[in-house]
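> Take a look at this one; I'll ask things after.
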Amino acid sequence: MKKSEIIIEVGLDENNVPESLHWSAKDGGVERQETKAAILSVWDLENKEALRIDLWTKEMPMDDMKIFFHQMLASMASTYERATSEKDVAQKMRLFAEEFAVASGIRD
């Protein structure tokens, strides 16, 4: 069986607050690419719950964080649709993503 790794490297300050984030996915051609935020979710089959790692550096601009969340919400709708074929639910998720964009001030 072939294996592949995705690595997230977190540089912490003296209070364990992220100062730097880099990620690598050699099979995808990504080697230590800098980022300011990362959100990772994995499914715990035994407990039937999502486990998360939410990271962002002190330098992540708030406006960029709002855009990041909007894009994640929109992409989750597409992923949901591919996974379930429930187009109507995915469309409701897309509508919510657009409402979020307006409410957060990133869209008029």
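> Using a 1.4 angstrom probe, figure out how much accessible area the chain has per residue, in square angstrom, rounded to the nearest whole.
Numbers: 8460 Å² over 108 residues.
Value returned for the chain: 78 Å² of accessible area per residue.
> Go through the range 37-108 and name the trypsin sites (Lys or Arg not before Pro) that are in a DSSP coil and have 14 or fewer other Cβ atoms within 10 Å of their Cβ.
Within the range 37-108, the qualifying trypsin sites (Lys or Arg not before Pro) (loop, at most 14 other Cβ atoms within 10 Å) are K48, K58, R107.
> Quick one: with all protein chains in place, what share of the accessible area of the range 32-80 is carbon or sulfur, to the nearest percent (1.4 Å probe)?
Numbers: 2140 of 3660 Å².
Roughly 58 percent, rounded to a whole number.
> Also: Rounded, prolate or oblate for the range 19-73? Axes are the square roots of the Cα gyration tensor eigenvalues, ordered a ≥ b ≥ c, and the cut-off for rounded is a/c under 1.5.
Oblate, because a/c is 1.5 or more while a/b does not exceed b/c.
> Restricting to lysines 8 or more places apart or on different chains, can you count the pairs in the chain with Cα atoms under 18 Å from each other? Display every interim value, and only then the final one.
Details: K2/K26; K3/K26; K36/K58; K36/K66; K58/K66.
Taking the Cα cut-off of 18 Å, the pair count is 5.
> Then there's this: Take every Cα pair under 8 Å in the range 28-108 that's 6+ residues apart, average their separations, divide by the length, and report that relative contact order as a whole percent.
Result for the range 28-108 is 22 percent.
> What does the C-alpha gyration tensor say about the overall shape of the range 45-108? Classify as rounded when a/c is under 1.5, otherwise prolate if a/b is larger than b/c, or oblate.
Oblate is the answer for the range 45-108, as a/c is 1.5 or above yet b/c matches or exceeds a/b.
> Related question: Do any GluC sites (Glu not before Pro) in the range 27-86 lie in a loop, going by DSSP, with at most 15 other beta-carbon atoms within 10 Å of their beta carbon, and if so which?
Working: sites: E31, E34, E46, E49, E59, E81, E86; in loops: E46, E59, E86.
Here the GluC sites (Glu not before Pro) that fit, given the DSSP loop and packing criteria, are E46, E59, E86.
> How large is the dipole of the chain about the Cα centre if only Lys and Arg carry +1 and Asp and Glu carry -1, each at its Cβ, rounded to the nearest 20 debye?
Details: 14 positive and 21 negative charges, 89 e Å.
Around 420 debye, computed over the chain.
The values are calculated or read from the model by the stated rules, or taken from the named source; none is laboratory data. Nothing here was measured: the structure is a model prediction, and the numbers come from that model. In this analysis, Cβ positions are derived from the backbone assuming ideal geometry, glycine residues included, and neighbour counts consider all displayed protein chains. These accessible areas exclude ligands, DNA and RNA; they are computed on the full protein's heavy atoms, side chains included. Shrake-Rupley method; radii C 1.70, N 1.55, O 1.52, S 1.80 Å.
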